[in-house]
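Let me begin by presenting the structure, written as structure tokens, before commenting on it.
The values are calculated or read from the model by the stated rules, or taken from the named source; none is laboratory data. These figures come from a predicted structure and were not determined experimentally. Because the Cβ atoms are built from the backbone with ideal geometry, glycine has one as well, and the counts that use them run over all protein chains shown. These area figures cover heavy atoms from the full protein model, side chains too; ligands, DNA and RNA do not enter into them. Shrake-Rupley method; radii C 1.70, N 1.55, O 1.52, S 1.80 Å.
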Amino acid sequence: MNAKKWIAVAVSGACGRMGRQVCRAVLEDDELKLTAAFDEREGGKDLGAVLEGPELGIVITGLTPAALEKAAPDVLVDFTTPSAVIPNIETALECGVRPVVGTTGIIQADVVRLGEEVGKRGLGAVIAPNFALGAVLMMKFAEQAARYLPQAEIIELHHDKKMDAPSGTALKTAEMIAAGRLEPTAQPTQKEELLKLEGARGGVYERVHIHSIRLQGLIAHQQVIFGGLGQTLTIRHDSYDRSSFMPGVLMAARKVMELKGLVYGLENLLD
Ligand code: NAP
């Protein structure tokens with residue numbers, strides 16, 4: 001870290017639902033200082049107007065290498081879209097800025113490729129499909145349960161504006177369930193089924209069926225149901241408000257300064 005007392009943070013997707021919340025959280029934090037805001041919307045406006053507060057002297061622009069170099073933050077927090085996030089991370093790395101990424105929809109091959117790029121540049125980076133501590137615990141508990149109850153299905157429920165399906169959290173949970181299973185005792189969940197409606201059994205990842213629900217009124221919720229002989233176990237997490245993600249985002253923005261390499265998943269940042 002440099003000699004400054006604070007960590008300079010820029011936010012991409014600053015005008016979005018998550019981005020606005022992140023900007024407010026960074027503004028209220030003593031160790032972090034919000035120095036730039038990037039978005040495709042509201043270009044030229046002061047961020048204060050977007051946050052419906054006092055003027056901040058931070059003018060919203062698109063995220064380009066020149067704009068990021070000029071702002072020179074320590075960290076770029078990204079909550080944008082599945083199509084924007086990869087170029088944004090690449091721009092950050094080219095400018096020597098550490099990315100902290102909450103945007104979902106990043107495929108595993110890109111995580112691996114970006115990890116190599118982060119390593120080559122001697123930087124730190126965090127990609128977390130879910131920044132809510134309770135959700136991270138839900139995933140960890142699911143991994144533990146899979147050792148004894150290998151048959152599992154996931155129901156993930158999100159607001160109807162969510163662009164990707166299934167959620168990054170659901171895919172990460174399925175990966176962790178697969179890692180937690182003792183392979184010799186694992187029960188395959190796939191068999192010959194008569195499907196009267198295409199997709200009725202959801203998507204299948206690592207032998208875990210994932211069902212995605214999109215409805216108004218929801219924020220981010222997930223239920224993992226394990227089946228065993230004569231019993232089921234349900235692990236559920238609910239984010240009722242986007243504030244649930246903020247402690248994890250702020251923690252990652254601090255910890256990324258000490259990291260060398262890419263950390264994928266908030267659980268790998270917990271002490
Ligand atoms: P949103 O409201 O649509 O916000 C995304 C914002 O990014 C929009 O203002 C969008 O502008 C802007 N944008 C698009 N391309 C950009 C670019 N190249 N550079 C800078 N900004 C750009 O979405 P949201 O609900 O905030 O969610 C954002 C992402 O976070 C999603 O992937 C969501 O799944 C994820 N998420 C993650 C967590 C977590 O804990 N990891 C929690 C909640 C949500 P336009 O609308 O003009 O394109």
Problem - Count of residues meeting criterion [touching a Lys or Arg at 6+ places or on another chain (Cβ under 6 Å) and open to solvent by 50 Å² or more (accessible area, probe 1.4 Å)] in the stretch 215-228 - result: 0
Handout entry: Selected residue (criterion: nearest to the ligand (Cβ to nearest atom)) from residues of the stretch 35-52 that are among the small types (Gly, Ala, Ser) and free of Cβ contacts under 8 Å to residues at least 12 places away in the same chain
Key = Ala49
Exercise for the section: Return yes when Ile89 is crowded, with 21+ Cβ neighbours inside 10 Å and without any contact (Cβ under 8 Å) to a residue 40 or more places away in the chain and no when it is not. Expected result: yes
Fill in the blank from the handout: Only one of (1) within 14 Å of the ligand (Cβ to nearest atom); (2) closer than 22 Å to Gly122 by Cα; (3) in a loop (DSSP other than H, G, I, E, B) does not apply to Lys4, and that is (1)
Exercise for the section: Would you confirm whether any residue within the stretch 196-209 is open to solvent by less than 30 Å² (accessible area, probe 1.4 Å) and within 12 Å of the ligand (Cβ to nearest atom)? Expected result: no
Practice task
Go through the stretch 117-215 and tell me which strands (runs of 3 or more DSSP E), entirely inside it, have 3 or more residues that are in the same structural domain as Val22 (by TED's automatic domain parsing).
Solution key: 124-127
Practice task
Please verify whether the stretch 50-63 includes one or more residues that are open to solvent by 30 Å² or more (accessible area, probe 1.4 Å), over 21 Å from the mean Cα position of the chain (by Cα) and polar (S, T, N, Q).
Solution key: yes
Practice task
Specify the residue that is most open to solvent (accessible area, probe 1.4 Å); the eligible residues are those in the stretch 97-122 that are aliphatic (A, V, I, L, M) and within 13 Å of the chain's Cα centre (by Cα).
Solution key: Ile107
Handout entry: In the stretch 70-84, residue nearest to the ligand (Cβ to nearest atom) [restricted to those that are open to solvent by less than 40 Å² (accessible area, probe 1.4 Å) and touching a strand residue (DSSP E or B) at 6+ places or on another chain (Cβ under 6 Å)]
Key = Asp78
Fill in the blank from the handout: Of the conditions (1) crowded, with 22+ Cβ neighbours inside 10 Å; (2) over 18 Å from the mean Cα position of the chain (by Cα), the single one that Ala178 does not satisfy is (1)
Fill in the blank from the handout: Sole miss for Tyr240 among (1) out of contact with any helix residue (DSSP H, G or I) (no Cβ under 7 Å at 6 or more places or on another chain); (2) within 16 Å of the ligand (Cβ to nearest atom); (3) in contact (Cβ under 8 Å) with a residue 40 or more places away in the chain is condition (3)
Exercise for the section: Can you tell me which residue among Ala67, Ala125 is open to solvent by less than 30 Å² (accessible area, probe 1.4 Å), touching a Pro at 6+ places or on another chain (Cβ under 7 Å) and small (Gly, Ala, Ser)? Expected result: Ala125
Completion exercise
Checked the stretch 18-33 for anything of a type in the set (A, V, I, L, M, F, W, C) and either closer than 13 Å to Gly102 by Cα or surrounded by fewer than 16 Cβ atoms within 10 Å (Cβ to Cβ) (or both); matches are Met18, Val22
Exercise for the section: Could you list all residues from the stretch 85-99 that are closer than 21 Å to Arg20 by Cβ and near the ligand (Cβ under 10 Å from one of its atoms)? Expected result: Val85, Asn88
